[in-house]
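A.B. asks: Input: one structure, supplied below.
The values are calculated or read from the model by the stated rules, or taken from the named source; none is laboratory data. Fair warning: this is a prediction, and the values are worked out from it, not measured in the lab. Cβ placement follows ideal geometry from the backbone for every residue including glycine, while neighbour counts extend to all protein chains displayed.
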């Protein structure tokens, strides 16, 4: 099962490359957020052609996920906390960047019997919305910071999650920037300050097992 959070080149774009060039990989199910309305109305700020390319794959095994959907497999439960819908247009539109594609990402929580992990994809403007909707559900053992740890969601949001391990899948130019141009370095320091161990490409291979 593949979960494709949103149609940017380093997300769905990577899947397209793998799908087209590695035919020996068996892909049973593909889940993503439905952004066909944005695509049909030409409202993508970038990567519009990429989403059209994804749709042209005509995947028979694709499923579109919505807020509140729950998937269960191998003893794990996945709850979709946010996915592109009309409310994302409203929330994202309140911010100057108005990055609907990132804000329409699938944000989801994976729960085992004892532990959980929250995946924030590239959501940037949803901090207050997610806190209002799910404040009591956000606490997780593991966290993937939003937008590779750069900009993205607020420190208040991350503090509510209070994970023991935080994943930041960010390139070195983001993680090592101390000029203030990017937030990844500052966010890593913040996660350390609240007691979270930070995993990056430099700590790879990174592997966890949800109990």
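A.B. asks: Only residues in the range 194-208 that are closer than 15 Å to residue 142 by Cα count as the first member; pair them with residues that are at pLDDT below 90 and surrounded by 12 or more Cβ atoms within 10 Å (Cβ to Cβ), Cβ under 6 angstrom, at least 6 apart or cross-chain, and list the lot.
C.D. replies: Close Cβ pairs satisfying both conditions: 200/175.
A.B. asks: Suppose we filter 170, 166 for residues that are under 18 Å from residue 121 (Cβ atoms), touching a helix residue (DSSP H, G or I) at 6+ places or on another chain (Cβ under 8 Å) and modelled with pLDDT of 90 or more; which single one remains?
C.D. replies: Step by step, each of 170, 166 is checked, and only 166 is under 18 Å from residue 121 (Cβ atoms), touching a helix residue (DSSP H, G or I) at 6+ places or on another chain (Cβ under 8 Å) and modelled with pLDDT of 90 or more.
A.B. asks: Find the helices (runs of 4 or more DSSP H) located wholly in the range 21-136 whose residues include 3 or more that are surrounded by 13 or more Cβ atoms within 10 Å (Cβ to Cβ) and in contact (Cβ under 8 Å) with a residue 24 or more places away in the chain, and list them.
C.D. replies: Passing ranges, in order: 48-56, 86-93, 100-103, 127-134.
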